[in-house]
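Data block below; observations after.
The values are calculated or read from the model by the stated rules, or taken from the named source; none is laboratory data. Given the structure is predicted, the values throughout are model-derived calculations rather than measurements. Cβ coordinates were reconstructed from backbone atoms using ideal geometry, including for glycine residues, and neighbour counts include every protein chain displayed. SASA here: full protein model, heavy atoms, side chains in, ligands and nucleic acids out. Shrake-Rupley method; radii C 1.70, N 1.55, O 1.52, S 1.80 Å.
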Amino acid sequence: MKRFPLSLIAAILLTVTGLAGLARGTEPTATAADAAASQGSQGPIVVSGAYVREPANGINAAAYFTLSNTTDAAESLTAVTSGAGALTTLHTDSMRQSAALTIPARGSVTLSPGKGHVMIEKLYGPLKAGQSVNFQLTFAKSGQLLLTAPVIAVTAPAPTAQAPR
Ligand SMILES: [Cu+2]
């Protein structure tokens, strides 16, 4: 019966070590995503006011957000992916697909209706208000950033973008 408490302690130690390891491993990504999704004062690029408009059909959906560049050099968003559809592309200038979106040094760019969006095509399933969509944004210099955007109803007001502090 001596072995039981020992293995229990070992199991607890393993659990603690395992959780700590997991937390450490995910820290950089989680920090960037959290900063982007909520207050957003960390990281070279800050995302705010992100949302996906609930699509009228089950085929395509559009995402909108503001990117703020906190650095002294221009940055560009080169790719966007999401798990919600077969294809995710950056559309600016109405519906044209663009290669990259430039965010000027210490400036910001807003994708809003009429000024561009991230388009999710061939949706894997219906997107309803209250759900959320994860995106991975890739930037030329600062690498990747995870973004979680809420799906909002057709009539709901767009969330407000916030300038980085
Ligand atoms: Cu589009």
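Details
- Any hit, the range 28-47, residues being within 11 Å of the chain's Cα centre (by Cα), modelled with pLDDT of 95 or more and surrounded by 14 or more Cβ atoms within 10 Å (Cβ to Cβ): yes
- Residue that is most open to solvent (accessible area, probe 1.4 Å) [pool: residues in the range 95-121 that are more than 10 Å from the ligand (Cβ to nearest atom) and in a strand (DSSP E or B)]: Thr102
- On inspection, Phe139 does not qualify as within 15 Å of the ligand (Cβ to nearest atom), at pLDDT 95 or above and open to solvent by less than 40 Å² (accessible area, probe 1.4 Å).
- Selection from the range 122-136 of residues that are in a strand (DSSP E or B) and away from the ligand (no atom under 16 Å from the Cβ): Ala129, Gln131, Ser132, Asn134, Gln136
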